[in-house]
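Undergrad: Have a look at this one.
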Amino acid sequence: MSLSQLLTDSQLGVWLDHWSISSRDSILDTAADWSVTKTVLHGGRQEGVDCILVNNGRLQFSVIPTRGFLVWEAKLGPMRLGWDSPVREVVHPHYVTLTENGGFGWLDGFGELVSRCGLESIGAPCTDSGVLLPLHGRINYLPASRVTVEVVADPTPTIRLRGEVVETRMFGARLRLTAEIETQIGSNEFILRDTIANEGGADREFQYLYHANFGPPILEAGARLVVAAVKVAPRDKRAAERLAEWDQYTGPSQPGYTEEVYYITPQASENGQVDTLLHSADKSRGVSVSYNSRELAYLTLWKNEAPLANGYVTGIEPATSLPNPRPFERQAGRVPKLRPGENYRSAITVRALGTQNEVEEIERRIRTIRQDPPEIQAQPVLG
Amino acid sequence: MSLSQLLTDSQLGVWLDHWSISSRDSILDTAADWSVTKTVLHGGRQEGVDCILVNNGRLQFSVIPTRGFLVWEAKLGPMRLGWDSPVREVVHPHYVTLTENGGFGWLDGFGELVSRCGLESIGAPCTDSGVLLPLHGRINYLPASRVTVEVVADPTPTIRLRGEVVETRMFGARLRLTAEIETQIGSNEFILRDTIANEGGADREFQYLYHANFGPPILEAGARLVVAAVKVAPRDKRAAERLAEWDQYTGPSQPGYTEEVYYITPQASENGQVDTLLHSADKSRGVSVSYNSRELAYLTLWKNEAPLANGYVTGIEPATSLPNPRPFERQAGRVPKLRPGENYRSAITVRALGTQNEVEEIERRIRTIRQDPPEIQAQPVLG
Amino acid sequence: MSLSQLLTDSQLGVWLDHWSISSRDSILDTAADWSVTKTVLHGGRQEGVDCILVNNGRLQFSVIPTRGFLVWEAKLGPMRLGWDSPVREVVHPHYVTLTENGGFGWLDGFGELVSRCGLESIGAPCTDSGVLLPLHGRINYLPASRVTVEVVADPTPTIRLRGEVVETRMFGARLRLTAEIETQIGSNEFILRDTIANEGGADREFQYLYHANFGPPILEAGARLVVAAVKVAPRDKRAAERLAEWDQYTGPSQPGYTEEVYYITPQASENGQVDTLLHSADKSRGVSVSYNSRELAYLTLWKNEAPLANGYVTGIEPATSLPNPRPFERQAGRVPKLRPGENYRSAITVRALGTQNEVEEIERRIRTIRQDPPEIQAQPVLG
């Protein structure tokens, strides 16, 4: 048996404010206690935000159709994936003006586990051809026009959400993101599978970045990032200062701390697979982010070891380019184009690791790909 | 018999989310199958948008109180009036920041059949006295504060919607648009009758423009605009290139196409009436836009023969001035003022023409007003 | 007996769209006909705004959780406290972009009796460290994340509303306003008691100002402000022109009138108490605004004797500083900081005075504090 439920379709006039399904509905032949619940958030800056809660029987996570189908947070038993942003609410796009604060309006609602950045641009705010490109583009603050839930039995009992988010305006781009989020019943991971289609009549540049963000309890003094890095380069002077400890975490800092950003060239497996692992000091907890380097050719590490109250967090960011201003990336040949009707596809897998065994298994796999330390570029990429 | 129903009044605290009335309610003594339905749109960027669907038994059209009482689209039997914008949703004002993208934020939600532009300014974005005036002003993204539906029997069975939209702020203008949209049962037309009142305590400039937009099936290669033009002038160098074919359409173009804008001086009838006609190549389909030149002294033609996927459309735009930056129009003496308590009135009639007979009848009427070709000004108005 | 009702909590997922309680619910042992009603406003730019109506049996007032817990208007019998702004609707923050119109977006929704200004900045728009600070900061357009109503019997039957409003973003401030509004059953006053807490991990500047605004019937030709002023200074050349009549009102003006702003140094009582009184020409009506100068060290008087239709109003504005651009105030040493975890508290009392006796009693109290006329500074503070 299987089920496909349309929750929202702006063209067909479908919209369900509340809906749920669970193991009690006898759709899947499994003993797992799974559920999918669609609800609406209220109060403060999250008034009116759509939210879908998924529980696969082992892993729980929340998806926000109103915010470009982002993943707000996840939980594996007592272990939370996510972080404590000063922003505690799932802020509605209506409360955010992306171009404000020097183009940093995106930060007004930044508190999620996985954001998508794009579609017309990612990275630092900049002016490109006279137009202000705000930080990380618009897709993280655009609502899904069509939302479906699928619960399928074969080949493996699986929950799959699908959201379609359109980034368009007259005389501008016409890009459609079809964002799938899939989890197998009883698994410890979810997969984001995304397609970006150029529905416009002309070639169109695009940029795409996953912003996967983790804080305590995984992130802490002694936590470590493991990746088969061939090369590591600091973004700027600030990152260069801490270059020797690029993959190590020292815990929350004193006020005055400034973020560090590193550009990593990973060694992929033969089929392009890249695994990254963040683990706690004692390796009893971790999370892995995996993707294919043929889809996402660039990897950025964001370390923000700020005081806890300011948002103590690190970000793993596979992308189509580095998150520098678009003109800089275009100059470097890292801004691809889609022809009319052409698609781009990418995926990342986020796996919650609740035991030392799980952490060390992935660590071994990464060490197998490459044992040597990376080449360290001393010179900052910017300036 | 007749009926008047208040749907919204922000001061009285009246708001109906859903309401409808139809021929089954026995209000009008007619065999026509008419209806008026008020609903709320959902999903994507149209979440929460109020919509009124009118069916006069022959012609259907939708009116959007949330968007300054614009007309989203219309249908006469199988013939659609409207166009295929990349923007497929009736975008809520909350998702639009007019001043973004160099003042072109208006385009983020542009997909309608008839927009109203104004009230403080129309036309290209510009800076006037240090303030950024965004493209086409604010009224197309302001919600109606009071909405009524009237169904009247005498003298002719008629459906009339009325919306009041206030454009005001402290230390700024205080202008009230009372927008009426009227259609006779069984007719093939609707009439927009608007009043702009200065409710402030000082003289106040205003500008007003109707942006009536048409795409396929009327617009196509071989389609033509018919108007008793005395003079035609290109807006800019681009329009000057295509000046000889100003009233002809060649069909969707290749990527790289740029819009053409022409300023037309029409010959009005004795009482000021101006008829414009857009017809398909074989004249089997058409639409006319009629108005009074004493109310709307200037006429602009917008041709956007872009690829279909980018928005293939032409706009007929009668207005109080040309859609140039306001300082340019002020300099030319084309920006009127309203004294405190003073009103301005204007109206346009949009008629759907479903047969060659109907098309040719209006064509003949226009040709009667003037047979001679227009004077063609070679020099672009701008630069 | 007493009652505490949670109306909204964004973290707990509590939200009540409609709720009410009244004397009929037998909570208080009083004959007064009191009530508290929570509702949602509709239509125009106030669509979706939360509103709490309080009636203490004598005084009625409305509080807007969606707008930083401001007080929209109040009524004591037939006497209204408030003013007639061109903005008649309680405009939703979604319809306001604070940075628009040169940073004066705040005025798009300005029509209330008491606004709070802050928390990161107050006063005139300016650029500070490259960032545009919009007029009067953000708190007046931020929604409450948590709202409670308390009705308590002891020691005095009292209605108390509490709203928590968070002003935060990633890499920015993390300030929480806890705004209490309290009124005793049968009294003619309400008290705003506010706490601002720095929940961030670093020291943070803040600014805070109450903007209490009054129009007819209290404000009129011959109305007067009474305050134990030690010194009065004009903000600018315009205010300097009218300096001799700084505490007198001449009635609505002709178009072309420009606002006047005066900076007042009041004599406080021994415990820091400052009373200000605005009364009508014949002293039959008035309103007092009282506060403590240890909390709110600066007092500004805003006179806007514009034509009635443009907003005829005066504002009494106790604050942590003068409402000049923040860099100017910082330079003068008037921008305080909060350490992590530190709180700032302030309160104002607004009392409606419906008889000459009440007016004269407060007038006498103020005259007791100081009989001498103030020192008048001729030189404008700015320029």
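Undergrad: With unit charges on the beta carbons (Lys and Arg positive, Asp and Glu negative) and the dipole taken about the Cα centre of the stretch A:2-376, which residue among A:A179, A:L3, A:G123 sits farthest to the positive side?
TA: A:G123
Undergrad: Still on this structure: For a Förster distance of 41 Å, can you work out the FRET efficiency between the beta-carbons of C:R367 and C:R193, rounded to the nearest 0.05?
TA: It comes to 0.90.
Undergrad: Here's a follow-up. Taking only DSSP H segments of four or more residues, each worth -39500 (n - 2.57), what value at 222 nm results for chain C once the sum is divided by all its residues, to the nearest 500 deg cm²/dmol?
TA: Details: 5 runs with 33 residues, N = 383.
Counting only the DSSP helices, I get -2000 deg cm²/dmol.
Undergrad: Taking a temperature of 10 °C and a viscosity of 1.306 mPa s, what whole-number D in µm²/s does Stokes-Einstein yield for the stretch A:282-321 with Rh from Kirkwood over alpha carbon pairs?
TA: 132
Undergrad: So if I average 1/r over every pair of distinct C-alpha atoms in the stretch B:2-376 and take the inverse, what Kirkwood radius in Å does that give?
TA: 21.1
Undergrad: Right, next: Given +1 on the Cβ of Lys and Arg, -1 on the Cβ of Asp and Glu, and no further charges, what dipole in debye does chain C carry about its Cα centre, rounded to the nearest 20? Walk me through the numbers before you get to the answer.
TA: On the way: 39 positive and 47 negative charges, 96 e Å.
Result for chain C is approximately 460 debye, rounded to the nearest 20.
Undergrad: Turning to a different aspect of this structure: What nm distance separates the two modelled labels at B:D203 and A:S269, each placed 7 Å from Cα along Cα→Cβ?
TA: 7.8
Undergrad: Could you list C:R242, C:R326 so that the one with the fewest beta carbons within 10 Å of its beta carbon is first and the one with the most is last?
TA: Values: C:R242 16, C:R326 24.
The order, fewest Cβ neighbours first, is C:R242, C:R326.
Undergrad: Below 8 Å, C-alpha to C-alpha, sequence gap of six or more: please give me the relative contact order for the stretch B:72-162 in percent.
TA: Working: 132 pairs, mean separation 19.8, N = 91.
Dividing the mean separation by the residue count of the stretch B:72-162 yields 22 percent.
Undergrad: So, one more: Please give the average number of partner chain Cβ atoms lying within 10 Å of the Cβ of each residue in C:162-172, rounded to a whole number.
TA: Whole-number average of other-chain Cβ neighbours for C:162-172 is 6.
Undergrad: OK, next. What is the P(r) of the protein assembly as shown, as percent of Cα-Cα pairs per 10 Å bin from 0?
TA: 2, 9, 17, 20, 20, 16, 11, 4, 1, 0
Undergrad: If I model a spin label as a point 7 Å beyond the Cα along the Cα-Cβ vector, how far apart are those points for B:V131 and C:L12 in nm?
TA: Between B:V131 and C:L12, the simple spin-label model gives 4.5 nm.
Undergrad: In the stretch B:225-383, if the dipole is taken from +1 on Lys/Arg beta carbons and -1 on Asp/Glu beta carbons about the Cα centre, which of B:Y257, B:N292, B:T349 is farthest to the positive end?
TA: Of the listed residues, the answer is B:N292.
Undergrad: Compute a Gaussian network model of chain A, connecting alpha carbons closer than 10 Å, and tell me which residue from A:P155, A:P307, A:P217 fluctuates the most.
TA: The residue with the greatest mean-square fluctuation here is A:P155.
Undergrad: I need to check one value: relative contact order of the stretch C:144-285, counting alpha carbon pairs closer than 8 Å and at least 6 residues apart, in percent.
TA: 18
Undergrad: Take the alpha carbon atoms of the stretch C:193-267, find their radius of gyration, then divide it by 2.2 N^0.38 Å using N residues; give the quotient.
TA: Taking the Cα Rg and dividing by 2.2 N^0.38 Å, one obtains 1.50.
Undergrad: Could you work out the relative contact order of the stretch C:2-376, using alpha carbon pairs under 8 angstrom and six or more residues apart, expressed as a whole percent?
TA: Contact order relative to length: 16 percent.
Undergrad: Sort A:V131, B:V274, C:V226 so that the residue with the fewest other Cβ atoms within 10 Å of its own Cβ comes first and the one with the most comes last. Before the final figure, lay out the partial values.
TA: Details: A:V131 15, B:V274 24, C:V226 21.
Fewest-to-most Cβ neighbours within 10 Å comes out as A:V131, C:V226, B:V274.
Undergrad: To continue, here is another question. Just checking the output field for A:99-109: average partner chain Cβ neighbours within 10 Å of each residue's Cβ?
TA: 4
Undergrad: Write out the trypsin sites (Lys or Arg not before Pro) in the stretch C:287-364 meeting two conditions: DSSP loop, and at most 14 other Cβ atoms within 10 Å of their Cβ. Spell out each step's value before the answer.
TA: Values: sites: C:R294, C:K303, C:R330, C:R334, C:K337, C:R345, C:R351, C:R364; in loops: C:R294, C:R334.
The qualifying sites are C:R294.
Undergrad: Taking amide H atoms as placed 1.01 Å from N in the peptide plane, list the residues 5 or more away in sequence, or in a different chain, whose amide H sits under 5 Å from that of B:R224.
TA: B:H279
Undergrad: Also, I was wondering about something else. Under 21 Å between alpha carbons: how many lysine pairs meet that in chain A, if sequence neighbours fewer than 8 apart on the same chain are excluded? Write out the running numbers ahead of the final one.
TA: Details: A:K38/A:K75; A:K75/A:K283; A:K231/A:K303; A:K237/A:K303; A:K283/A:K303.
For chain A, the number of qualifying lysine pairs is 5.
Undergrad: Report, as an integer, the average count of C-beta atoms from other chains found within 10 Å of each Cβ along A:305-317.
TA: The shielding value for this peptide is 3.
Values in this text are rule-based calculations from the coordinates and carry no lab data. Fair warning: this is a prediction, and the values are worked out from it, not measured in the lab. Cβ coordinates were reconstructed from backbone atoms using ideal geometry, including for glycine residues, and neighbour counts include every protein chain displayed.
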